[in-house]
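For reference, the structure is listed below as structure tokens.
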Amino acid sequence: MRDATRLQVFDIELLCDQEEYHLGDSISGAIVIEPRHGQIIAKLRVGIHAVVKTSWLNGSGKHHSARSSMHREDSGKQTCHAVHYFDVERSVYENRRASAPSGPDLLKLRNISRLGLTGPEEFPFIFKLPERGAPPSWHGLYGSVRYWIEAVVEVCGKDCFREDVQQGIIIAPSVGDVLPSPLAQVQKFPVAGMACVSSSISASIQPDKPSYQPGETVHLSVSIKNTSPWRVSSRVSLLNAQIFVGKNATQKLIKDVLTQVEGEPIRAGSDATQWTALLRVPANAYASLLDCALIKCQYTAVLRLRVRSVIPQQFEVSVPVVVARRTDLGEDERSVLEADIASGDRTPNDPRKPLAKDLAFVK
């Protein structure tokens, strides 16, 4: 509940109230505001922000595994880093008689003769997101990508104060960014032995579709041709690697084996042996994130071959796997993406990147 000295109503209402947006979309809405008796609205501004932020404690690090729920807290200093993809703010109302002139914004004023608001009023706004150059919303163990709309009001009268309200928004990945054509990898490995025998092993892998939801199963087609005089064993794994970049190029790296399947032994001199490996993506898997300045989250399906010769040899074939963010986000997950906006994303002294040229504001 708001304190008695605060406004009667101060909120952000989105026009379409979509669950998620895409780059290039327009976001329209209105600032709804109603002062209490004796309060005069001096200024009202609205802005849209996009920030990627990483944070962790230096020291032993946290261990996070899909096969284990063990979490060991860090000890030491905290490393934080943030990059602002864009920050756009505009004045939607200013009462000239209630506040002193404050720079070039005064030249853009409208309705400057109004002394204050006596009832609930709406101030509409429209933001157009850039077509490209910003990652989708993402939240992980040591970092996040957040988008939000923020309104700031300055109030004069009996009590003078400044108040703000935020509305988190979720930006979904563009279809072209997360749905590449199905990839296949084919490799041929020369095999060395004690005798002068020319032999090789050929292997190929291919996933059944371009991307997967958490909880889905990757059907990986595996083909192995063993012309060597030795038996070959195979293993297929689904790996996840997350990289978080901090200040001074420091990094936090998480590597995990999510799923592992043992293949049947391939006898010596056999023709192509084909089989399908079933690799389940964990239900709590993070979405792939490949185009972010500070965070990378990628998945790889790997086929490892071990030649049981006099001199043991190992070979590897890998192919990227895309994990798309679930479209049926639960309330807890959505609240995590929309929460914590005020805890660090609006640090006054954070350096801010130049505004994106194709980010527009329409009054």
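The table below lists the values:
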{"read-out": "Residue that is farthest from PHE315 (Cα to Cα), among those in segment 205-227 that are touching a Pro at 6+ places or on another chain (Cβ under 7 Å) and buried (at least 16 other Cβ atoms within 10 Å of the Cβ)", "value": "PRO214"}
{"read-out": "Number of the condition not met by SER198 [criteria: (1) of a type in the set (Ser, Thr, Tyr); (2) more than 30 Å from ALA50 (Cα to Cα); (3) at pLDDT 90 or above]", "value": "(3)"}
{"read-out": "Test: residue in segment 243-259 that is assigned to a strand (DSSP E or B) and either at pLDDT below 85 or more than 22 Å from TYR142 (Cβ to Cβ) (or both)", "value": "yes"}
{"read-out": "Test: residue in segment 60-79 that is surrounded by 14 or more Cβ atoms within 10 Å (Cβ to Cβ), modelled with pLDDT of 85 or more and not hydroxyl-bearing (Ser, Thr, Tyr)", "value": "no"}
{"read-out": "Of residues in segment 171-188 being outside any helix (DSSP H, G or I) and surrounded by 19 or more Cβ atoms within 10 Å (Cβ to Cβ), the one modelled with the lowest pLDDT", "value": "PRO173"}
{"read-out": "Condition met for ALA151 (farther than 30 Å from THR300 by Cβ, under 32 Å from the mean Cα position of the chain (by Cα) and either modelled with pLDDT of 90 or more or exposed (fewer than 14 other Cβ atoms within 10 Å of the Cβ) (or both))", "value": "yes"}
{"read-out": "Qualifying positions in segment 88-145 - of a type in the set (Lys, Arg) and either in the same structural domain as GLN242 (by TED's automatic domain parsing) or at pLDDT 90 or above (or both)", "value": "ARG90, LYS128"}
{"read-out": "Selection status of THR259, exposed (fewer than 14 other Cβ atoms within 10 Å of the Cβ) and of a type in the set (Ser, Thr, Tyr)", "value": "no"}
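The values are calculated or read from the model by the stated rules, or taken from the named source; none is laboratory data. Keep in mind it's a predicted model, so treat the numbers as computed, not measured. For neighbour counting, all protein chains shown are included, and Cβ atoms are generated from backbone atoms with ideal geometry for every residue, glycine included.
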